[in-house]
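Everything on this sheet refers to the single structure shown next.
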Amino acid sequence: MLKHRLLNRLSIAMLMISLAACAGTPPAPSATVTTPTAIAVAVSDPAPTATPEPPIPTTTIIEAYEADQAAADAQYQGKTLIMTGKVTNINDVFGTMALLLRDSENDTGLQCYLTDSADAARATVGQTITIEGTIKGGELGLFMVAEPCKVIP
């Protein structure tokens with residue numbers, strides 16, 4: 001009687017494995033739980049959820065560099081960030097389109113060198129846009145540099 005019940009459960013387990021293989025999709029990561037009768041039960045792990053970071057205002061980055069360049073480099077240099085800022089200039093810099101983002105003509109800005117020139121056509125002077133770019137860091141000069149960049153719709 002015990003052998004018959006064990007054989008039935010083993011047959012069901014084999015059928016489940018065969019059906020999963022026939023479905024053509026790989027099984028989800030699972031943990032195996034062994035019961036006293038040695039039947040494996042698959043338990044799927046929940047999918048992780050990620051909350052996107054809010055865009056960083058370009059003025060926040062500029063202010064950090066104005067306050068302490070070394071600390072700002074440690075925080076931002078070489079990092080690809082999502083940023084927002086107001087377009088004050090759209091320039092062709094030796095064949096590469098660039099957007100200058102800053103609050104006013106008198107403020108230090110962030111120069112964003114675009115990987116796709118078509119992105120420049122999606123921006124207008126005075127518009128606040130969102131970009132993704134890698135901060136180059138270092139000396140401020142007239143503006144900070146982010147390269148490569150792209151406009152985020």
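The values are calculated or read from the model by the stated rules, or taken from the named source; none is laboratory data. None of the values given here were measured: they were computed from a predicted structure. FYI the Cβ positions are ideal-geometry reconstructions off the backbone, even for glycines, and counts take in every protein chain you see.
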Exercise. Of (1) modelled with pLDDT of 90 or more; (2) buried (at least 16 other Cβ atoms within 10 Å of the Cβ); (3) charged (D, E, K, R), Arg102 satisfies all except one. Which?
Worked result: (1)
Problem set entry | Hey, Val151 buried (at least 20 other Cβ atoms within 10 Å of the Cβ), over 16 Å from Ile61 (Cα atoms), at pLDDT 90 or above and in contact with a strand residue (DSSP E or B) (Cβ under 7 Å, 6 or more places away or on another chain) or not | yes
Exercise. Surrounded by 10 or more Cβ atoms within 10 Å (Cβ to Cβ) and either at pLDDT 60 or above or over 13 Å from Ala146 (Cα atoms) (or both), is that true of Thr58?
Worked result: yes
Exercise. Just for the range 97-122: of the residues that are of a type in the set (Ser, Thr, Tyr) and touching a Lys or Arg at 6+ places or on another chain (Cβ under 7 Å), which one is farthest from Glu63 (Cα to Cα)?
Worked result: Thr115
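Let's see how each residue does on (1) within 30 Å of Thr124 (Cβ to Cβ); (2) at pLDDT below 85; (3) loosely packed, with under 10 Cβ neighbours inside 10 Å:
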{"site": "Leu2", "(1), (2), (3)": "no, yes, yes"}
{"site": "Ala28", "(1), (2), (3)": "no, yes, no"}
{"site": "Ala72", "(1), (2), (3)": "yes, no, no"}
{"site": "Tyr76", "(1), (2), (3)": "yes, no, no"}
{"site": "Asn91", "(1), (2), (3)": "yes, no, no"}
Problem set entry | Top-ranked residue in the range 35-55 [being at pLDDT below 60 and of a type in the set (A, V, I, L, M, F, W, C); ranked as nearest to Glu139 (Cα to Cα)] | Val43
Seminar exercise, completed: The correct count of residues that are of a type outside the set (Asp, Glu), assigned to a strand (DSSP E or B) and farther than 14 Å from Thr58 by Cα in the range 68-96 is 5
Exercise. Can you tell me which residues in the range 68-90 are farther than 14 Å from Glu147 by Cα and either in contact with a Ser or Thr (Cβ under 8 Å, 6 or more places away or on another chain) or in contact (Cβ under 8 Å) with a residue 12 or more places away in the chain (or both)?
Worked result: Gln69, Ala72, Asp73, Thr84, Gly85, Lys86, Val87, Thr88, Asn89, Ile90
For this session: Can you run down the residue pairs with Cβ atoms below 6 Å, 6 or more apart or on separate chains, where the first is in the range 103-115 and on the phi < 0 side of the Ramachandran plot and the partner is assigned to a loop (DSSP other than H, G, I, E, B)?
Result: Thr108/Leu140; Gly109/Arg102
